[in-house]
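> Pasting in a structure now, in C-alpha cells, and then I'll have a few things to ask.
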Amino acid sequence: MANGAMLALSLSMSSQAFLSYGWRIPFLISFILVVVGVYIRRRVSETPSFVQLQNTRSSAAKVDRSPLRDVVRLHFREIFRLMLVFAGPTALFYLVVVFSLGYLTGTLGIAKQVGFAVLMMANACAVVGALCGGMLSDRIGRKKALALGACLTLVFLFIYFPLLDTRNFWTIAASMGFLLGFTQYQSGIQPVYFAEAFPTHVRYTGSALAYTAANLIAGATLPATAVWLLRAFHGSPWSVVGIVVFWNGLSLIMVLIGRETRGINLDA
C-alpha cells in the first residue's frame, strides 16, 4: 500500500514537492492499516490452549503471575536464541526495503519512480514467499525450512549488489524480488516457530520479546550503519554485505542448534 502510494505520488508530483511533503502522505494513509489491524485483532478469539489455561483452577496462579517476569527468569536463553534466529531476516528486510532503494537512487542514479516500481514488485514476491515458507514448514519441519531459507539468502547476498549494478530494470526487479521473497519466506515460519518455543502462559510475551529485540539490534541500526559504511568505503556496498552476512550466518547457527518444534503438544 505505502509503496504503491509512493510510486503514484512520485509520478504525479514534482521532485521538490515530493521531497518537501509528498513522501509523508503514504505514512498518513497507512493509518488505515492500523485501524484494520485493531479491528481484526478485536475479533480474533484466544487459542484453545490459553482458554483452557484460564479455565483451569490449578493454573490460576500461573495466569495471575507476571508473564514477563516468568519468561525472563525461566526462558531467557530461548529468547536470546530466537532473537538471533530472526536477526538475519530482519537485517535482510531493511537491506532490501530501505538501503537498496537509497542505493539505487543515490549511488546508481536510477530514477526514484523506477526504485518504487521494483520495490512494489519485490513486495509481491514477499507475499508469495511468506505463504510458501509457512506451508513448507508444515511439511518438512520448522528447522529444515528455516535453514533452507537462511542458506539461500546467504549465497544470494554475494551476487545481489553486482546484479543491482547492472542498472537493468528486470535484473534489479528479479534480484530484489528473490531476496525479499526469501526474507519473508522465513518470516512466514517465524510466528509458529516462536509460539511453539514457549509454554502457554508466557507464549505471547516470549515471542514478542525475541521479535522486538531482533528488530532493535539487527534492523533498526542497519540503515544508518549502512549509509556510514557506504561513505567510508567510497560507495562500495561490500561492507554492508558483510554485516548482513554476519547476521544471517548467526541466524543459521541458532536454527541448527535449536530443536524441531513441529508437531509438539502446545497444551503441554
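> ALA197 passes all but one of (1) in a helix (DSSP H, G or I); (2) modelled with pLDDT of 90 or more; which number fails?
The failed condition is (1).
> Considering only region 236-261, how many residues are in a helix (DSSP H, G or I), among the polar types (S, T, N, Q) and without any contact (Cβ under 8 Å) to a residue 12 or more places away in the chain?
Qualifying residue count for the region: 1.
> Additional query: Against the condition part of a helix (DSSP H, G or I), modelled with pLDDT under 90, small (Gly, Ala, Ser) and surrounded by fewer than 22 Cβ atoms within 10 Å (Cβ to Cβ), how does ALA224 come out, does it pass?
Working: part of a helix (DSSP H, G or I): yes; modelled with pLDDT under 90: yes; small (Gly, Ala, Ser): yes; surrounded by fewer than 22 Cβ atoms within 10 Å (Cβ to Cβ): yes.
Here the answer is yes, as ALA224 does meet what is asked.
> Given region 37-96, what helices (runs of 4 or more DSSP H) lie entirely inside it while holding 2 or more residues that are modelled with pLDDT of 85 or more, surrounded by 10 or more Cβ atoms within 10 Å (Cβ to Cβ) and of a type in the set (A, V, I, L, M, F, W, C)?
Working: elements: 48-55, 60-64, 67-94.
Because the criterion is at least 2 residues that are modelled with pLDDT of 85 or more, surrounded by 10 or more Cβ atoms within 10 Å (Cβ to Cβ) and of a type in the set (A, V, I, L, M, F, W, C), the helices (runs of 4 or more DSSP H) in region 37-96 that meet it are 67-94.
> Give the residues of region 135-146 that are surrounded by fewer than 18 Cβ atoms within 10 Å (Cβ to Cβ) and either closer than 11 Å to TYR185 by Cα or in contact with a Pro (Cβ under 7 Å, 6 or more places away or on another chain) (or both), sorted by residue number. Walk me through it before giving the result.
The first filter runs over region 135-146 and keeps only residues surrounded by fewer than 18 Cβ atoms within 10 Å (Cβ to Cβ), leaving 135, 138-141, 144.
Answer for region 135-146, where residues must be surrounded by fewer than 18 Cβ atoms within 10 Å (Cβ to Cβ) and either closer than 11 Å to TYR185 by Cα or in contact with a Pro (Cβ under 7 Å, 6 or more places away or on another chain) (or both): just MET135.
> Another question, if that's okay. Test ILE264 against the criterion of being out of contact with any strand residue (DSSP E or B) (no Cβ under 6 Å at 6 or more places or on another chain), part of a helix (DSSP H, G or I) and over 20 Å from LEU163 (Cα atoms), and give yes or no.
Working: out of contact with any strand residue (DSSP E or B) (no Cβ under 6 Å at 6 or more places or on another chain): yes; part of a helix (DSSP H, G or I): no; over 20 Å from LEU163 (Cα atoms): yes.
When the stated conditions are applied, ILE264 does not pass them.
> So which of GLY115, GLY133 is over 15 Å from VAL244 (Cα atoms) and at pLDDT 95 or above? If you could, list the steps in order and put the result at the bottom.
Values: GLY115 fails: at pLDDT 95 or above.
Of the residues listed, the single one that is over 15 Å from VAL244 (Cα atoms) and at pLDDT 95 or above is GLY133.
> Looking at region 97-111 only, could you name the residues that are assigned to a helix (DSSP H, G or I) and of a type in the set (Val, Ile, Thr)? Step through it out loud before you land on a result.
Step one: of region 97-111, the residues assigned to a helix (DSSP H, G or I) are 97-107.
Within region 97-111, VAL97, VAL98, THR105, THR107 meet the criteria.
> Within region 242-263, does at least one residue satisfy the condition of being farther than 29 Å from MET135 by Cα and among the aromatic types (Phe, Trp, Tyr)? Walk me through how you get there before you give the answer.
Within region 242-263, the subset farther than 29 Å from MET135 by Cα is 242-243.
Now narrow it down to the ones that are among the aromatic types (Phe, Trp, Tyr): none.
No, every residue in region 242-263 fails to be farther than 29 Å from MET135 by Cα and among the aromatic types (Phe, Trp, Tyr).
> Anything in region 26-36 that is part of a helix (DSSP H, G or I) and at pLDDT 70 or above? List them, or say none.
LEU28, ILE29, PHE31, ILE32, LEU33, VAL34, VAL35, VAL36, listed by residue number.
The values are calculated or read from the model by the stated rules, or taken from the named source; none is laboratory data. These numbers were taken from a predicted model, which means no experiment stands behind them. Note that each Cβ is placed from the backbone with ideal geometry, even for glycine, and that neighbours are counted across all protein chains shown.
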